[in-house]
1. Could you give log10 I(q)/I(0) at q = 0.11, 0.15, 0.16 Å⁻¹ for chain B, computed by the Debye formula over C-alpha point scatterers of equal weight, without solvent?
2. Using a Gaussian network model on chain B with a 10 Å cutoff between Cα atoms, which of B:Ser241, B:Ser196, B:Ser210 fluctuates the most?
3. Averaging sequence separations of C-alpha pairs under 8 Å and six or more residues apart, then dividing by the length of chain A, give the relative contact order as a whole percent.
4. Give the aspartates and glutamates reachable from B:Lys91 as a straight Cα distance under 17 Å; neighbours fewer than 8 places away on the same chain don't count.
5. Taking A:Lys144 as the anchor, which lysines have their alpha carbon closer than 17 Å to its alpha carbon, excluding any fewer than eight residues away along the same chain?
6. When the distances between all Cα atoms of the stretch A:91-175 are binned every 10 Å from zero, what whole-number percent does each bin get?
7. Using the 10 angstrom Cβ neighbour count as an exposure proxy, how do B:Thr192, A:Thr369, A:Thr211 rank, fewest first?
8. Roughly what % of DSSP beta bridges within chain A run antiparallel, to the nearest 5?
Amino acid sequence: MVGDELSQVESATTGSNPGEAWSRKGVGLELKGLERSFGATRALDGLTLSVKAGELVVFLGPSGCGKTTALRAIAGLEPLDGGRIEIEGQDISGTPTSKREMGMVFQAYSLFPNMTVAQNIAYGLKLRKFDKSKIDGRVAEMLKLVRLGEQADRYPKQLSGGQQQRVALARALAISPKVLLLDEPLSALDAKVRVQLREEIRRIQLEFGITTIFVTHDQDEALAIADRIAVLNQGNIEQFGTPDEVYLHPASPFVASFVGHVNHLRGRVISQGRASVFGVEVSSDRFDRYSVGEELEVLVRPESISISRSENSNATVSAVGFMGSTLNVMAATDDGTLVRAAITFREGEMIRGGDRVRLNIEGGVLFATVAKG
Amino acid sequence: MAIKVLRRRKPILGAVPFVAYVGIFLGIPAGSVVLNAFRSQSGSFTLSNIHSALSGGYRQSFIQSLKLSVIATVIAAIAGLLVAVAVVGMKDGALKRAIMAASGVFANTGGVPLAFSFVATLGNFGLITKILLSGGVNIYSGGFTLYSVTGLVIVYQYFMIPLMVLVMIPPLEGLNSQWFEAAQTLGASWPTMWRSIVAPVIMPPFIAASLLLFTDAFAAYATAAALTSGTIPLVPIQIGSLIQGNVVANQGNLGAALGLGMIVIVGVVAIAYVFVSRRSNRWLR
Amino acid sequence: MATITTSLQGSLQGSSEKSVKAVHGRVLGVGRRYRTVVLVLTALFFLVPVVASLRYSVVGNNNSISFSSYGAIFSDPQFFSSLFTSFKIAIGTVAITVFLVTPTVVWARLRRPDLMSALESVALLPLIVPSVVVTLGILSAFASLPNIIMGSPVILALEYVVLALPYTFRSIDAGAGAIDIRTLVEASRSLGGGWIATLMRVIIPNLKSGILSAVFLSTAFVFGEFAVASLMSFSTFPVWLVQVGQDRASESVALSVVALLLTWGGLVAVSIAGLRSTRRRSAVIEDELFAFGEQL
Ligand SMILES: Nc1ncnc2c1ncn2[C@@H]1O[C@H](COP(=O)(O)OP(=O)(O)OP(=O)(O)O)[C@@H](O)[C@H]1O
Ligand SMILES: [Mg+2]
């Protein structure tokens, strides 16, 4: 039904920017001390966070850390044991889900099976009692936005997983929600579609300027699309910052290991601020508070390891992954540690398995803790 | 040329014995009933069989049969749905599995043994009849009898309800909580959600299952015959009497006309069934 | 009614497989109390007749306990002769069913998978023609057949094959569907197995559970079928059962108890076996359900 009128509607709606006419200005969102327990499990343990208007915040964390619970609490789908949720300074904790005007996109299979694509998108608009022409126009606009004009009259089961998620996104956005909530919307898709769709989501989000929370446990996804990342652990926020902050300056060993790769190496303090790690001397202020002779666990990013072909080699390359501009190198040091290094690849300097090389730690140490065991 | 080689004739030989068998042992009898319905004793074409099948006592028996099947179906469909909803709400576990298994078993109970076990329950000397009697209630003097349409409706529930439960549980379990959560975030209230999602999703399988139950009840002969020994003039019972020659002779092809009537009614329901399930298949498949 | 069971089951399974989270009572708006009330009432409705029958078979109309009705059953020569008649018919029905349906299903799955749904529809056709009507047709269409067929239970065996098809066809086909015959045959052929070896070693063993449940289903059908047998005046077991019921009520109830328990036991056994041997458990169970629900 909507499909037939698509072309007329398209010419009728002026905007080159489909978000313009409809989007509200993004709103700020405050989570204050959210608490939620399931029996003995504390799914949310005083979670506090401030999201700026128009910002895309990613909730990143391991399975079971409370990401979904937090998101559902914001939508009003999960009751809270404590804490407040505020939008533009207004407490909405008591507002029922149907009045919160949150757009939500679930992991999968959330489209109404008995409605076509167009009817799915129109659902929220019909509930708002808009007149038919307005609804049709809006639906057409949304279909165009997610590039599904052709599929308007199909049923969800006739769409691919990626298409279904685009419809779910369009349906959520159609009502111009105050906040867009996405719970691992891409995790049921295969890798290629996942990357493509996340870029599309980011493009649309920026276009609309809509405040968005995006849940994922995929760190690449988080780094790629976030304005800021909230790393969650056991119902609380471990770190909240821009992707580069979180990556370069993790607030804790947990964040360091969760975001990006990290080498867990053994080291021993040899003097003030200096330690020996697989036979290489490293200096870092991270060692300052340990006394000489102490055994440490040292966290180092693969990019901080350098590889050279010098006389005094200390490691044997075991595997090399060619990633185009970088090489991922796995090498076993002579004292038996397996080290991962990521180096810039220059032509003619290919490293191969079995090569003898010298590893150094040059880019600095993320963390040093007392070694366990 | 290459295309010609690839496009071999599709083999059908393997299906011939099966289709032929069904043709001979179902097609020929059914065809002969249909033909006989329009044939006079002497073999010439006539509509008088059809005419008598649709008038007087025989018309009444069609009405009785339809009444019985419709009432039994409506009760079983609603009761079955209520039970299915209760079962779906349960946690997966031994009890739920036991209920499913029991439904399977009871849905398959029918015919003569079922009739007799209800005689033992609600018959003149049945357990419930006696218990009620000792409590001062005489259901038989109150107008009830097991050997009536009402009685048959009750007895038929024994296999119809479980069948309904079994058929309705999968679609009820197919209701995805995310649909409701999504609807809520879009602003839907509870009644709206029922109207716009639950009802449309549940209705087609519910109607389809009801049609299935209807044909079941409409065509049933054994239970009714064993229970009422032919005293209620249902269409199958009437046909049975005609076959056994319990009625005035030279009505030879009247039975065929009644049979044709049954085929037509069941056929119409079957077509409705196919229509309904195809409709929902569009989005369920 | 052609696609009835098929499409219904197909769609139902499809939807439940794909849904991530099943809806709980909260969404349907029912609570614990509702469940308890509904389930207790239902349980009563289904258990009381069983209890009543058991009681009636030992107590009868007068209130003295005796197992004489069970004794009377076994001393009646008709009991054994009717049972024997039904048994012979069952053997015929089972044999024809297995040798008619199995090759058809295997052939279709291998050579013409596209024909499968048409064949299934053919197998469901008997549902459209009530058995009373079929009887009428048999009597007029086959009247001229030799006495060895029409005058003996042979005709019953031949007809029961068709009338039980809606159930037997699906259970054999479900067995075949669960194992992907095509791949198995290709694997066997590629390993050098000849057609005969492939049939004996690969196809038959894998179809065993489906065939077994078809055997049970058609046996149960034969021992339960009343309409055709009684209208054609053959003294099969259910026909005798009704005759007994006309003057010796508690004996017929005793018999019914035995018959019910045997059928239920068999059904439970078949579904347990089905559960074990195939992964598509729901399909198998549902087959049997649909199967018997129709049998009345
Ligand atoms: N309805 C519930 N009943 C009981 N426990 C629950 C419920 N929902 C969540 N939990 C528990 O709360 C904790 C947080 O769950 P949550 O679903 O928020 O995790 P998550 O971060 O989304 O994990 P994932 O990445 O696996 O989706 C988990 O330990 C989980 O087991
Ligand atoms: Mg989650």
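Every read-out reported here was derived from the displayed coordinates using simple, explicitly stated rules and does not represent laboratory data. Just so it is clear, the model here is predicted, and its values are computed rather than measured. With ideal geometry, Cβ positions are generated from the backbone for all residues, glycine too; neighbour counts draw on all protein chains shown.
1. For the requested q values the scattering log ratios are -0.86, -1.21, -1.28.
2. In the Gaussian network model the winner is B:Ser196.
3. Values: 787 pairs, mean separation 61.4, N = 373.
Contact order relative to length: 16 percent.
4. Reachable aspartates and glutamates: B:Glu173.
5. Within the straight-line limit of under 17 Å, A:Lys144 reaches these lysines: A:Lys134.
6. 19, 51, 25, 6, 0
7. On the way: B:Thr192 17, A:Thr369 13, A:Thr211 25.
If I rank by nearby Cβ atoms, fewest first, I get A:Thr369, B:Thr192, A:Thr211.
8. Numbers: 58 of 76 bridges.
DSSP beta bridges in chain A are roughly 75 percent antiparallel.
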